[in-house]
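Quick notes on the structure that follows.
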Amino acid sequence: MTHSAPPKAGQAAPSSADDRQVRTVRVPDDRAGQRLDNFLLGQLKGAPRSLVYKLVRSGQVRVNGGRAKAERKLEGGDEVRIPPVRLAEAGERPAPPKSLLAALEAAIVFEDARLLALNKPSGLASHGGSGISHGAIESLRALRPGQTLELVHRLDRDTSGLLVVAKKRSALTELQALMREEGGISKRYLALLAGRMPDGVMTVDAPLHIGLRQGGERHVQVNPAGKPSLSHFKVLERRGGQSYCEVRIETGRTHQIRVHAQHIGHPVAGDDKYGDPEVNKRLREQAGLKRLFLHASTLEFALDGGKAPYLLNAPLAPELIDVLDRLK
């Protein structure tokens, strides 16, 4: 039996080009705090997220010799066993359509040496996965070959607006730390809610729990066993019997605004999952609303320990402006 030298931090044990051998990767110090699933996605380029979860659930991925959950936070020096995986060769995955790349280039609303902010269109997933070849991050990487680009956070596929991508590992680490900090990042959305909301600010403090429906579809509910979730709804104006609102969220749970809006009896217009089918039908016919009326409009934070302030804005999508105009 022959033995090879242990891999250096961040390097894999020798493997074939298509990852058909077991690899052990030592987590570098600058990756401390990263979730296991996100670390694996970085190691298994091109692997769908669903495959990564399957590998973790089945126990094929090990951390320091033991089973681990996808959300486990890694520490520098941890040893991650990565099982054999047959991934598509680079040439097998079709390139994103040129029209998509051109649209994304035009949708960049801010960029500096550390980060890039995209006004993501509705219908585009933040990242690829089951049945989705090209998400926003894969397409941006195709647009900027050779650059290191990492998603800081995600937006629902049907939600438009600000999606922030880090160009440096240090920016990614600091931004993700701010995401976990109360008040670290101020997040504001624009939404059209069904019905007439009361004046003033309505605060919704209701824990959210993610469940799975038959077929594996995620469905979020208000549930005492869920994670703390806090949203603030403020009516900006009323149009056609509906309420155009600014929504500020202090937590970033899956489908948070959509479920909280449903919980207070004023679901987001155009929401096929949590909305009111009759209201959606009426708005589609009367105002031409064919999508979820939810837009991530503003992000405010500071990097370098508070010394470098950022205020990012993404203008409301033209099709949503048209809906508001028709509702006058």
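Counting just the residues of the stretch 254-275 that are over 20 Å from Gly123 (Cα atoms) and of a type outside the set (Val, Ile, Thr), which one comes out most open to solvent (accessible area, probe 1.4 Å)? My answer is His263.
Pairing residues of the stretch 217-237 that are more than 14 Å from Gly252 (Cβ to Cβ) with residues that are loosely packed, with under 11 Cβ neighbours inside 10 Å, at Cβ distances under 6 Å and at least 6 apart in sequence or on separate chains, gives His219/Arg213.
Cβ-Cβ distances below 7 Å connect the following pairs, each with a first residue in the stretch 146-163 that is without any contact (Cβ under 8 Å) to a residue 24 or more places away in the chain, a second residue that is basic (Lys, Arg), and a separation of six or more residues or different chains: Gln147/Lys167; Thr148/Lys167. Among the residues of the stretch 147-181, which ones are open to solvent by 30 Å² or more (accessible area, probe 1.4 Å) and of a type in the set (S, T, N, Q)? Passing the criteria: Gln147, Thr148, Ser170, Thr173, Gln176. Would you check if Gly270 is more than 29 Å from Arg180 (Cα to Cα) and part of a loop (DSSP other than H, G, I, E, B)? When the stated conditions are applied, Gly270 passes them.
The values are calculated or read from the model by the stated rules, or taken from the named source; none is laboratory data. Here the structure is a predicted model, which is why all the values come from computation and not from measurement. Quick reminder, even Gly has a Cβ in these numbers, built from the backbone with ideal geometry, and neighbours come from all protein chains shown. When the accessible area is computed, the model is the full protein with side chains, heavy atoms only, and any ligands, DNA or RNA have been set aside. Shrake-Rupley method; radii C 1.70, N 1.55, O 1.52, S 1.80 Å.
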